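Beneath this line is the structure, given in structure tokens, with notes to follow.
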């Protein structure tokens, strides 16, 4: 496979995954570091901007991943397509968009039932107690967008005829340099 063809296929698949709830790449694993420990969770791909290799996710600003990212913005993403037997691992940097124009415009696109995900008075992962008094908060108080910019990529296609593996790395001019590596 030509590297330009691979690059365009990946971009097209991520573009589809950002709008198709059944696409396997809609729900990647998002990994951060909490001090010395890796932390992984499933996130929902909300937007992909191909020209920048940028992936957008929504989260509650009070979540652990935000604390992790404030300490270390390095992130790894893992996508797996079981039917095609393709694994893609990305490394890059994440940016927190909170209470600004970008987060406000994204929040405005959400239906009311999805906004309620960000209106809990309790932070995600908080213990529930019988005596807690919880009232709804404004979604804008907690909603944020995580922008992930890919800087390196490891692509693996499993096949009985022989596996194919390639690595890509972003260059200073924004283009990507690719090389085939041992699978």
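Values in this text are rule-based calculations from the coordinates and carry no lab data. As the structure is a computational prediction, the values presented were derived from the model and not from experiment. Methodologically, a virtual Cβ is constructed for each residue, glycine included, from the backbone with ideal geometry; neighbour enumeration extends over all protein chains shown.
Contact list please: Cβ distance under 6 Å, first residue in the range 1-24 and free of Cβ contacts under 8 Å to residues at least 12 places away in the same chain, second residue surrounded by fewer than 16 Cβ atoms within 10 Å (Cβ to Cβ), pairs at least six apart or on different chains.
Close Cβ pairs satisfying both conditions: 23/16.
List pairs: first in the range 63-77 and on the phi < 0 side of the Ramachandran plot and touching a residue at least 24 places away in the same chain (Cβ under 8 Å), second surrounded by 15 or more Cβ atoms within 10 Å (Cβ to Cβ) and in a loop (DSSP other than H, G, I, E, B), Cβ under 8 Å, 6+ apart or cross-chain?
63/124; 64/124; 77/28
Which one is nearest to residue 153 (Cα to Cα) among residues in the range 62-94 that are in contact with a helix residue (DSSP H, G or I) (Cβ under 9 Å, 6 or more places away or on another chain) and surrounded by fewer than 16 Cβ atoms within 10 Å (Cβ to Cβ)?
Across the range 62-94, the extreme among qualifying residues is 81.
Select from the range 25-39 the residues that are closer than 18 Å to residue 89 by Cα and free of Cβ contacts under 8 Å to residues at least 24 places away in the same chain and list them in ascending order.
26, 27, 38
I need the full set of residues from the range 142-173 which are in a loop (DSSP other than H, G, I, E, B) and under 20 Å from the mean Cα position of the chain (by Cα), in order please.
142
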